[in-house]
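Comments concern the structure below.
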Amino acid sequence: MFALLISIICLLLLQLIWNLYNSRTFPQASQHVPAPSKQRLSVLIPARNEEATIGRLLESLIDQQAYIKEILVLDDHSNDQTATIVRQYAHKLPLTLLCGKELPPGWTGKNYACQQLGENATGEWLLFLDADVTLEAKGLQRLQRYLDGRFKMVSAFPRQRVHTFMEKMLVPFMLFLVICHLPIKQVQRSDDPKFAAAHGAFICIHKQSYQNAGRHAAIKSAIVDDMALMRLMKQAKSPVALLRGEQFASMRMYEKNAEVWLGFRKNIFSGTGNNIFLTLFICLLYSVLYIIPVVSAIIGIVNGDMQTVLMAAAAYALGVLINYHIAFQAGIQRWLCFLHPLACSFFILLAFDAIRIHWRGEGYEWKGRRYYQ
């Protein structure tokens, strides 16, 4: 046990050093607001049963119309009051409500909605926003500095608002996975599609480059659409940027524990390229680094082995420090870092559930539709 804990501590020290370096290369949207630009965006919002959130998004756009050419909302066969709420803003915003067409075979719902929005947009730049996003007061103005020709696609990680138990356990894991495993500097510097990460809730893309790459039609069956779109742009040799987006927007991805589980379950296995061995390796790695120290500490206390307890406590503290640094950077509730072993446990259960569904060919359920890989 002693040798195992020493090995874990050494690995966590290396992980901490890597995280400190990698997070420094994660560009943060500057709080400096540039001079007004003439670049006006087509804001594109796919919406399916979004009555609880879309009003808040549209409200946040009202004072930022200097940077908006048009707002297109596509109602993707909602059976709630989404369309009614959108129409209430028609006199406040340059807003058009589109009715989504029937979903063709081979498409995911969001990809087809975004394809339709892109076909109707007239702006030089297209800003795809999820309906559960809320823009910060000068979010679009801050975005202007990245639309100067250096990049053809910009994606940002909005600040996450979490309330329910499962939100607090799993939503911060997105940023943890990116900082721990992806060389962020290579996202911008390399054309290699392996170095790709994006957040589908906030993607701004140059229209002509998007069309040249094949639009969403080229990734029509992708469940993790944001990653697929960035890989597509990289394959087309279009420069991309991944940003921390706390200065752009905030969001609450899911509002119920069941939604958290279903939402992440459809993404987690796809995020590893449906590679069972890679997924299992990540689960094993997290078990060793973050769960075994807690188990070892409990065993040490029961057996009165203070050496094991102290070593396990040191390993646990390093894990907490790694997560505290990420939470501090992202504005996430910092006390959650103390529960990271529990979050890892839920992540592992989620991964096994995703593998089970993939193995049985049951398909992933989301918003009344079922997708197969």
_Local electrostatic count, D226, Cβ distance below 11 Å [Lys/Arg +1, Asp/Glu -1]_ = 0
*Quick one: length gained pulling Q188 to L16 fully straight, 0.36 nm per residue minus the C-alpha distance?*
59.7 nm
*In degrees from 0 to 90, rounded to the nearest 10, what is the angle of the helix 340-360 Cα long axis to the longest principal axis of the chain?*
70 degrees
*asked:* Let me make sure I get this right: for the stretch 279-340, a, b and c are the square roots of the gyration tensor eigenvalues over alpha carbons, sorted descending. Under 1.5 in a/c it's rounded, otherwise prolate if a/b > b/c, else oblate. Which is it?
replied: oblate
*Counting other beta carbons within 10 Å of each Cβ, put I292, I205 in order, fewest first.*
I292, I205
*At a Cα cut-off below 16 Å, give the aspartates and glutamates reachable from K138, other chains included and same-chain residues fewer than 8 away excluded.*
E59, D63, E246
*Only helical DSSP H runs with n ≥ 4 go in: add -39500 (n - 2.57) per run for the chain, normalise by residue count and round the 222 nm mean residue ellipticity to 500 deg cm²/dmol.*
-14500 deg cm²/dmol
*Using 0.36 nm per residue of separation minus the Cα-Cα distance, give me the extension gain between L310 and L342 in nm, one decimal.*
9.5 nm
*Nearest 10 degrees, 0 to 90: what angle lies between the long axis of helix 2-24 and the longest principal axis of the chain (Cα atoms)?*
30 degrees
_Antiparallel bridge percentage (DSSP; both residues within the chain; nearest 5)_ = 35 percent
*Between 0 and 90°, nearest 10: helix 306-330 axis offset from the chain longest Cα axis*: 10 degrees
_Global form of the stretch 74-152, assessed from the alpha-carbon gyration tensor, a/c cut-off 1.5_ = oblate
_Above-threshold pairs, the threshold being 30 Å between Cα atoms, out of K69/K194; K110/K256; K69/K152_ = K69/K194
*Tell me which aspartates and glutamates have Cα within less than 20 Å of K266's Cα, excluding those fewer than 8 residues away on the same chain?*
E50, D76, D130, D132, E167, D225, D226, E255, D353, E362, E365
*Going highest first, how would you order 229-239, 100-110, 54-64 by mean Cβ packing within 10 Å?*
229-239, 54-64, 100-110
*For R56 and N274 in one chain, what is 0.36 nm times their gap in residues minus the Cα-Cα distance, to one decimal in nm?*
75.0 nm
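None of the figures in this text is laboratory data; all of them are computed from the coordinates on show. Since we're looking at a predicted model, the values are computed, not measured. Please note: Cβ atoms are built from the backbone with ideal geometry, for glycine as well, and neighbour counts cover all protein chains shown.
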